[in-house]
Amino acid sequence: MRTTRWTNAAQADLRGVIAYIATDNSYHAQTVKDRIQTAADGLARYNTGRPSRFPNTYEKLVSGLPYILVYRVEKSTIVVLRLIHTAQSYPPR
């Protein structure tokens, strides 16, 4: 089975999302973090994303949340490149 690795940029995205949500509700922030992590880990088992706007990358909508995991597939690793809110302009203009 593949492993999942997060880039520094993706980790920063996740920390930002969780910090923002935690200002209102720390329990909900942890729930969101767990769901995002579960979605990323699920890609290691089943690569269910769709081709992205960039070559050799894919996108996976996190079920029930307004976030997209942008990733690439390496030999035995799913590399999460970014975590994007669906309201964000992506790619940045």
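Please treat every number below as a calculation from the coordinates, not as lab data. Worth saying up front: this structure is predicted, and the values here are computed from it rather than measured. Positions of Cβ are generated from backbone atoms using ideal geometry, with glycine treated the same way; all protein chains shown enter the neighbour counts.
Quick notes on this one:
- Within segment 12-37, if we keep just the residues that are among the β-branched types (Val, Ile, Thr) and in contact (Cβ under 8 Å) with a residue 12 or more places away in the chain, the residue that is surrounded by the fewest Cβ atoms within 10 Å (Cβ to Cβ) turns out to be Ile18.
- Of all the listed residues (Ala9, Ala44, Ala40), the sole one being in contact with a strand residue (DSSP E or B) (Cβ under 9 Å, 6 or more places away or on another chain) and in contact (Cβ under 8 Å) with a residue 60 or more places away in the chain is Ala9.
- Residue match in segment 3-16 (condition: among the basic types (Lys, Arg) and within 22 Å of Gln88 (Cβ to Cβ)): yes
- Filter pass, Leu43 being aliphatic (A, V, I, L, M) and out of contact with any Gly (no Cβ under 7 Å at 6 or more places or on another chain): no
- Restricting attention to segment 55-93 and to residues that are in contact with a Lys or Arg (Cβ under 9 Å, 6 or more places away or on another chain) and farther than 20 Å from Arg35 by Cα, the residue that is surrounded by the fewest Cβ atoms within 10 Å (Cβ to Cβ) turns out to be Lys75.
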